[in-house]
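Notes to accompany the following structure.
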Amino acid sequence: MWIVCLCLLVALVHCEYRVTAVTEGAGRLHLSLSLSSPSPLQYAADIPNLSVDLELRQLVDAPQPDVYYLHFGITDADDADRYVVRDVVTGDYVTAPALSDAVLVEHTSVGEAFGLRVTRVFDSEIILDLYPSGDDTQGLVYQDLYLQVTSHLALPSDTNPVVYGLGERAESIVLPVGDTYTLWTRDAPGLPLHTNIYGVHPWVMEVREGLAYGLLDLTSNALDVDVMSDRLTFKQVGGVIDMTLIVGTTASASTPLSIIAAYQQLVGLSTAAPRWVLGWHQCRWMGGGTLGDIEDTVDKYRENDIPLDCQWLDIDYMDEYRVFTTSPDRFPTPDVKAWTQEMRENGQNVVAIVDPGVKIDDEYDTYLNLLDSCAYLTNEDGSPLVSKVWADCSIFPDFKHPNVTDWWQGEWESWFERTGFDPNAWLDMNEIAAFCDGICPDCPVLPVDPRCGDRSHETPYFDPNNPPYTPGGITLDMHGIDASGYDHYGMLYDTHSTYALNEAIVSHTVLPEAYSNVHPGEDEYMRRPFTLTRSQFSGSAQHTSHWLGDDESSFSSLLYSVPTMMNQMMNGFTTVGADIGGFLNDCWDELFLRWVPAGIWYTFSRDHSCNGTAPQEPWVFDGGVEITKDAVEFKYSVSPMMYHAIMHTTRHGGVVNAAPGWLWPTDTKSVQLNTQFVAGDAVMVAPVLFEGVDGVSVYLPLEPTTSDGVSGERLLWFDLMDEDRPVVADGSLWAGQGVYLYAPSPLGSLSPAYVRSGRGIMRPYIISDTLENSWVNPWDAELYLSPSGCAVAMGWADDGLSQDSPYSEFSVTMDGASLSFAVVDSMGGGYSQAVQQVRVYNMQDGEGVTDITYTDSIGHIHSIGDKGEAFGTEGGYFYVNMGDYLPTDMGTQERELTIHW
């Protein structure tokens, strides 16, 4: 259905473009526009003729068939060569039969000022409004160096929009209204608040009355976004307008979590890191340290009985900061290889940092190989682009160049052979960061290599580092390389922010291949590569994990790590976390003893500190050993829940640690929470994030979420940190959307955490010295019953290391008198996981249970055993001992028990 508006109002406002032609098709709309009067914003000449194209798309084999993608593009009708972002939206899609399958599109008629409006069909909500307004500076502007689109928000005048997104930044989870948000990847030591930092994710999600839609502005040019009470204005300095509206066709497909998952399905679902990454990590940049220092750290973990899963190597290990080298004096390569093997035999892992800058050195093989490949960034004359980083004057690989894969794989194969490392990489400095702004005057100018052909470009008519409109008011080469350089796709002015994305794409492919070539036949399945990146772009999560960068030792960094983590999980990352204790400046007892209990709920938990700061290992703090040991063991104890959430998200999209407002979007108190998050869809975590306090005020929503599946049944909350798991909030007794309670949390204790009714947690029966060693043990299942007697705990079993190994997703479910064990999803015949005991909390009249029976494959009914041994009550729960009386392999067997009173 089409509506052509002939509103006389448009004649009363300033008009820049008029509609000259309209073409309609199945699921498509095309408008031709012609400039009628110049924009009052003159950063360059207005482009005279534009094409506006809309296409309603559905992803092939979409996990959410009720979600559509309305692609909305505005391009120069006379120039098809303007830069368009590649390598992000790579999935297959089909065009919907009609736009009206999801949206109603209104547009002005031929001869009228351009206006366009998109309404969601199922609830008649306007979600994109490009009609002219009374402010002639907010309309459509399309110039060579400045493109602007404004969508007016259909909200009451006294209502502020609820907008999420526009990462990466240290910011509250709901974006403050009235601010401008800049997106351009840059180095940002200390994580300055409210400004653009390492990553760019140019999309927003707006939520109205609990229903959401998404809007992606797919540009890698520098970008400002105004988030105002009545509008969203996107202002970019090049490329094309390439937007996608993410639209649900039902209320259930329009929840915040559904739209987040749909965005991730569009740009690529998260990669799965090896399972050990969910454990505990240690790192320090020592500034001249030795392998002996690293070995001492690992030994002290063992001496203090603190579990440790991975020891990281910062830039100390390199030979004068040359990548793919070790210092011959401080980290002799044979010793590194022997130590790596020792770590492997102890069930521990090693990850080393790798920077993109390759030192200019005519006796350095990696540098010479890169020159031979021609796969490096260039200046406009085709010579290698040079800047200064840790290794001094360096050149930089071009991860978009067709030759880069062979060069990168060759370097990694040699590296794996020499060091014995596994296919892991810490990708730092890839914004791309530099130690001078743009061109470094004291670095050499390298010659053009005729072997690489003519790669020269015309000199731009403007300064790419300081264009007429500069988003954020900061030159584009600040703390970074020259934006007038080039990669294989075009000028870095256009492509800069996607550098780390393409590095991650190539690394994700190369690392397991290189490892397999060095170790042929060692593994039955290809290893999962693990890369950890600082810089990122939309779609990076499909290829890499992320840490939040160079934070500082402060309660402010601890506080903002929570919403920043949630924002990055919204962007698709399943493995993400901050440097625990802070990277910059000196940490102190109180901060460390608060950060560790909060940080073990990150899906990437690493103690990392900087050269020149005080030591930051657990044993240097009063109470540090005790809190770290307790916290890491607790982390292991909930790791099956977290790992299931990670692996499920890699298949379907979603978040591992969710902002409460995404589950309870109509609860205004939940929406504004920045200091709590919901882990694994089950546990409300409320860490202490402020200095000098002995507890925390916790908000617990009492209304069911749209995913609870129990209509109208209000929630109970159980105290996870109390061994008796008492109910601390009961929605059947208290009115309102939620309740506040005060949780005492003395220094040295774990973070308050509460399980919501209807959920469950799988937990290892025995905790060992590493996460993987803990996982060889059977599991227990804890079920937290809803008022109607229902709960489900989910688990995921696989080898934790391979890309395509068999796996099983399984459930333990209590529903009234039925206790069932089911395989939800599996591949390759499933994967075995034993369950030792099921504990059920809030079970009515558990003392009255007389027998538990099951029916075998030929219909015979059997009792699982005697009361008091096979089942019974203890403390605050009802238990069923599966391991002793009814061995249950959760990966391959299904079974249903009947409880008798």
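The values are calculated or read from the model by the stated rules, or taken from the named source; none is laboratory data. Please read all numbers here as calculations on a predicted model, not as lab measurements. Positions of Cβ are backbone-derived with ideal geometry, glycine not excepted, and every protein chain shown enters the neighbour counts. Areas reflect the complete protein model, heavy atoms only, side chains present, ligands, DNA and RNA absent. Shrake-Rupley method; radii C 1.70, N 1.55, O 1.52, S 1.80 Å.
Every residue, every condition in (1) open to solvent by less than 10 Å² (accessible area, probe 1.4 Å); (2) aliphatic (A, V, I, L, M), yes or no:
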{"residue": "R208", "(1), (2)": "no, no"}
{"residue": "L216", "(1), (2)": "yes, yes"}
{"residue": "L232", "(1), (2)": "yes, yes"}
{"residue": "G238", "(1), (2)": "yes, no"}
{"residue": "L245", "(1), (2)": "yes, yes"}
{"residue": "A251", "(1), (2)": "no, yes"}
{"residue": "T255", "(1), (2)": "no, no"}
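For M429, the requirement of being within 26 Å of Q143 (Cα to Cα), of a type in the set (A, V, I, L, M) and either in a loop (DSSP other than H, G, I, E, B) or open to solvent by 10 Å² or more (accessible area, probe 1.4 Å) (or both) is not met. Comparison of W415, W407 shows that the only residue that is open to solvent by less than 10 Å² (accessible area, probe 1.4 Å), in a helix (DSSP H, G or I) and of a type outside the set (V, I, T) is W415.
Within the stretch 450-485, being open to solvent by 20 Å² or more (accessible area, probe 1.4 Å), under 21 Å from I395 (Cα atoms) and of a type in the set (G, A, S) holds for G453, S456, S484. Would you please name the residue that is farthest from G582 (Cα to Cα), looking only at residues in the stretch 612-639 that are in contact (Cβ under 8 Å) with a residue 24 or more places away in the chain and β-branched (V, I, T)? Out of the qualifying residues, it is V638. N842 meets all of the listed conditions (1) under 31 Å from the mean Cα position of the chain (by Cα); (2) within 30 Å of S697 (Cβ to Cβ) but one, namely (1).
Here D825 meets each of (1) closer than 24 Å to P307 by Cβ; (2) in a strand (DSSP E or B); (3) open to solvent by 20 Å² or more (accessible area, probe 1.4 Å); (4) acidic (D, E) with one exception, condition (1).
Meeting the requirement of 1 or more residues that are within 21 Å of the chain's Cα centre (by Cα) and closer than 19 Å to Y131 by Cβ, the strands (runs of 3 or more DSSP E) wholly within the stretch 142-246 are 199-208, 211-217. The residues of the stretch 663-685 that are part of a helix (DSSP H, G or I) and in contact with a strand residue (DSSP E or B) (Cβ under 8 Å, 6 or more places away or on another chain), listed by number, are L663, K669, S670, V671. Filtering the stretch 22-73 to residues that are without any contact (Cβ under 8 Å) to a residue 60 or more places away in the chain, in a loop (DSSP other than H, G, I, E, B) and within 22 Å of D129 (Cα to Cα) leaves S37, P38.
Got a sec? Which of Y263, Y321 is at pLDDT 95 or above, open to solvent by 10 Å² or more (accessible area, probe 1.4 Å), among the aromatic types (F, W, Y) and within 24 Å of N502 (Cβ to Cβ)? Step through it out loud before you land on a result.
Values: Y263 fails: open to solvent by 10 Å² or more (accessible area, probe 1.4 Å).
Just one listed residue meets the conditions, Y321.
Of the residues making up the stretch 696-708, at least one is within 24 Å of the chain's Cα centre (by Cα), among the hydroxyl-bearing types (S, T, Y), assigned to a loop (DSSP other than H, G, I, E, B) and surrounded by fewer than 14 Cβ atoms within 10 Å (Cβ to Cβ). When the stretch 271-318 is filtered for residues that are of a type outside the set (A, V, I, L, M, F, W, C), closer than 28 Å to S637 by Cβ and open to solvent by 10 Å² or more (accessible area, probe 1.4 Å), the ones remaining, listed by number, are T271, R275, R284, T297, D299, K300, R302, E303, N304, D305.
The residue list A743, A753 contains one member that is hydrophobic (A, V, I, L, M, F, W, C), over 28 Å from the mean Cα position of the chain (by Cα) and open to solvent by less than 10 Å² (accessible area, probe 1.4 Å), which is A743.
Suppose we filter the stretch 339-365 for residues that are under 19 Å from Y301 (Cβ atoms) and of a type in the set (G, A, S); how many remain?
Going residue by residue through the stretch 339-365, those that are under 19 Å from Y301 (Cβ atoms) are 339-352.
This time we only want the ones that are of a type in the set (G, A, S), so: 347, 352.
Of the residues in that region, 2 qualify.
Residue-wise test of (1) within 20 Å of L140 (Cβ to Cβ); (2) surrounded by fewer than 16 Cβ atoms within 10 Å (Cβ to Cβ); (3) in contact (Cβ under 8 Å) with a residue 60 or more places away in the chain.
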| residue | (1), (2), (3) |
| --- | --- |
| D76 | yes, no, yes |
| D81 | no, yes, no |
| V89 | no, no, yes |
| T95 | no, yes, yes |
| L104 | no, no, yes |
| H107 | yes, no, yes |
| L116 | yes, no, yes |
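Report whether or not F421 is assigned to a loop (DSSP other than H, G, I, E, B), out of contact with any Phe, Trp or Tyr (no Cβ under 8 Å at 6 or more places or on another chain) and either of a type outside the set (G, A, S) or open to solvent by 60 Å² or more (accessible area, probe 1.4 Å) (or both).
Details: assigned to a loop (DSSP other than H, G, I, E, B): yes; out of contact with any Phe, Trp or Tyr (no Cβ under 8 Å at 6 or more places or on another chain): no; either of a type outside the set (G, A, S) or open to solvent by 60 Å² or more (accessible area, probe 1.4 Å) (or both): yes.
Here the answer is no, as F421 does not meet what is asked.
Across the stretch 787-822, the qualifying residues are those that are surrounded by fewer than 22 Cβ atoms within 10 Å (Cβ to Cβ) and polar (S, T, N, Q), and the one among them that is farthest from P512 (Cα to Cα) is S788.
Only residues that are touching an Asp or Glu at 6+ places or on another chain (Cβ under 9 Å), open to solvent by 40 Å² or more (accessible area, probe 1.4 Å) and among the hydrophobic types (A, V, I, L, M, F, W, C) were counted in the stretch 842-887, giving 0. Selection over the stretch 581-634 of residues that are farther than 20 Å from V696 by Cα, open to solvent by less than 10 Å² (accessible area, probe 1.4 Å), touching a helix residue (DSSP H, G or I) at 6+ places or on another chain (Cβ under 6 Å) and not in a loop (DSSP other than H, G, I, E, B) gives a count of 4. Across the stretch 743-755, a minimum of one residue is classified as in contact (Cβ under 8 Å) with a residue 60 or more places away in the chain, out of contact with any Cys (no Cβ under 9 Å at 6 or more places or on another chain) and more than 21 Å from L593 (Cβ to Cβ). Taking the criterion of being within 32 Å of the chain's Cα centre (by Cα) and closer than 14 Å to L700 by Cα, the residues of the stretch 714-727 that qualify are R714, L715, L716, W717, F718, D719, L720.
Filtering the stretch 396-445 to residues that are of a type in the set (S, T, N, Q) and touching a residue at least 40 places away in the same chain (Cβ under 8 Å) leaves T405, Q409, S414, T419, N424, N430.
Any idea how many residues of the stretch 27-44 are among the hydrophobic types (A, V, I, L, M, F, W, C) and either open to solvent by 50 Å² or more (accessible area, probe 1.4 Å) or under 21 Å from E55 (Cα atoms) (or both)? Let's see the steps before the verdict.
At the first step, the residues of the stretch 27-44 found to be among the hydrophobic types (A, V, I, L, M, F, W, C) are 29, 31, 33, 35, 41, 44.
If we keep only those that are either open to solvent by 50 Å² or more (accessible area, probe 1.4 Å) or under 21 Å from E55 (Cα atoms) (or both) as well, we get 29, 31, 33, 35.
So the count comes out to 4.
Please find, within the stretch 766-807, the residue that is farthest from M721 (Cα to Cα) out of those that are among the charged types (D, E, K, R) and assigned to a loop (DSSP other than H, G, I, E, B).
Looking only at the stretch 766-807, we keep the residues that are among the charged types (D, E, K, R), and these are 769, 772, 780, 782, 798-799, 804.
Now narrow it down to the ones that are assigned to a loop (DSSP other than H, G, I, E, B): 769, 798-799, 804.
Details: D769: 21, D798: 28, D799: 30, D804: 36 Å.
My answer is D804.
When M642 is tested against (1) assigned to a helix (DSSP H, G or I); (2) open to solvent by 20 Å² or more (accessible area, probe 1.4 Å); (3) over 21 Å from F583 (Cα atoms); (4) touching a helix residue (DSSP H, G or I) at 6+ places or on another chain (Cβ under 8 Å), exactly one condition is not met: (2).
Which is surrounded by fewer than 22 Cβ atoms within 10 Å (Cβ to Cβ), β-branched (V, I, T), over 23 Å from S732 (Cβ atoms) and touching a residue at least 60 places away in the same chain (Cβ under 8 Å), of V688, V671, V693? Spell out the reasoning first.
Details: V688 fails: surrounded by fewer than 22 Cβ atoms within 10 Å (Cβ to Cβ); V693 fails: touching a residue at least 60 places away in the same chain (Cβ under 8 Å).
Residue meeting the stated conditions: V671.
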